[in-house]
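Everything on this sheet refers to the single structure shown next.
The values are calculated or read from the model by the stated rules, or taken from the named source; none is laboratory data. Remember, it's a predicted structure, so these values are computed and weren't measured experimentally. As a convention, Cβ positions derive from the backbone with ideal geometry for all residues, glycine included, and neighbour counts pool all protein chains shown. The area values use the complete protein model at the heavy-atom level, side chains included, leaving out ligands, DNA and RNA. Shrake-Rupley method; radii C 1.70, N 1.55, O 1.52, S 1.80 Å.
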Amino acid sequence: MPVRSARVSTLALLGLAAAASALGANPAAAADPTGTWFTEDGRARVRTEHCGPGGANLCGYVVWGSKPLGEDGKPKIDRYNPDPKRQARPLLGHQMILGLKKNDDGRFAGKIYNGDNGKSYDVTIWSETPAELSVKGCLLSVLCQTQTWTRVGDVVPGQITAATDTPGGPRSDPEWAPKPGAAPRPSAKPAGAPAPK
């Protein structure tokens with residue numbers, strides 16, 4: 001092979017490698033992280049929606065649970081919450097995603113609350129496809145695990161469908177509740193998708 005031909009081939013390969021590297025460095029376009037999601041463990045459906053000033057944050061609420069009743073046959077309550085004022089509230093309809101803020105990567109980061117133990121964890125949430133939500137939770141910033149939640153479009157028995165902070169709807173924590181005189185939030189309409197099996 002002539003030297004010139006080899007140089008052209010090498011330059012072409014280097015150009016392709018640079019282009020592939022540039023494509024790999026750019027994250028996939030973000031999809032809308034709002035909607036109703038079936039958790040990976042099958043225990044809950046969580047509705048996410050924009051919240052906070054100008055709708056810049058992401059909040060989420062438990063709108064269905066696989067076991068909404070305790071051993072006493074009554075709705076489960078937030079008994080492990082460190083705030084005594086919240087320990088009598090029902091777990092169904094409580095806010096678990098606490099006003100996440102968009103980070104430099106275009107993902108939403110902040111805290112997620114676990115009503116099973118009353119603890120809050122660092123979390124990052126993003127969506128790269130309309131059908132899935134990635135939820136990465138971390139304990140002490142070193143022990144991290146990512147779950148994939150699946151978008152649902154159906155409504156199952158016992159699921160809360162009313163708009164947030166309206167009668168029969170999920171309830172915002174006080175710091176995320178709409179301020180007096182603010183326009184009510186629109187009801188989150190889940191995009192159509194097959195029900196989980």
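If you take the residues in region 44-60 that are more than 19 Å from residue 161 (Cβ to Cβ) and without any contact (Cβ under 8 Å) to a residue 60 or more places away in the chain, which one is least open to solvent (accessible area, probe 1.4 Å)? Full working, then the answer.
Step one: list which residues in region 44-60 are more than 19 Å from residue 161 (Cβ to Cβ), which gives 52-58.
Subset that is without any contact (Cβ under 8 Å) to a residue 60 or more places away in the chain: 53-56.
Working: 53: 109, 54: 89, 55: 29, 56: 59 Å².
Out of the qualifying residues, it is 55.
Looking only at region 116-157, count every residue that is among the hydrophobic types (A, V, I, L, M, F, W, C), modelled with pLDDT of 95 or more and open to solvent by less than 60 Å² (accessible area, probe 1.4 Å) and tell me the total. It would help to see each step written out before you state the result.
Filtering region 116-157 for residues among the hydrophobic types (A, V, I, L, M, F, W, C) gives 123, 125-126, 131, 133, 135, 138-140, 142-144, 149, 152, 155-156.
Checking which are modelled with pLDDT of 95 or more leaves us with 123, 125-126, 131, 133, 135, 149, 152, 155-156.
Restricting the remaining residues to those that are open to solvent by less than 60 Å² (accessible area, probe 1.4 Å) gives 123, 125-126, 131, 133, 135, 149, 152, 156.
Count: 9.
How many residues, within region 26-68, are modelled with pLDDT of 95 or more, out of contact with any Leu (no Cβ under 8 Å at 6 or more places or on another chain) and hydrophobic (A, V, I, L, M, F, W, C)?
Residues in region 26-68 being modelled with pLDDT of 95 or more, out of contact with any Leu (no Cβ under 8 Å at 6 or more places or on another chain) and hydrophobic (A, V, I, L, M, F, W, C): 3 in total.
Could you please find all residues in region 141-156 being under 21 Å from residue 105 (Cα atoms) and more than 13 Å from the chain's Cα centre (by Cα)?
Here is the first cut: in region 141-156, the ones under 21 Å from residue 105 (Cα atoms) are 141-149.
141, 142, 143, 144, 145 - these are the residues of region 141-156 that are under 21 Å from residue 105 (Cα atoms) and more than 13 Å from the chain's Cα centre (by Cα).
Scan region 86-113 for residues that are open to solvent by less than 20 Å² (accessible area, probe 1.4 Å), touching a helix residue (DSSP H, G or I) at 6+ places or on another chain (Cβ under 9 Å) and either among the hydrophobic types (A, V, I, L, M, F, W, C) or part of a strand (DSSP E or B) (or both) and jot them down.
95, 99
Might you let me know whether region 61-84 holds any residue that is buried (at least 19 other Cβ atoms within 10 Å of the Cβ), within 12 Å of the chain's Cα centre (by Cα) and not in a loop (DSSP other than H, G, I, E, B)?
Yes.
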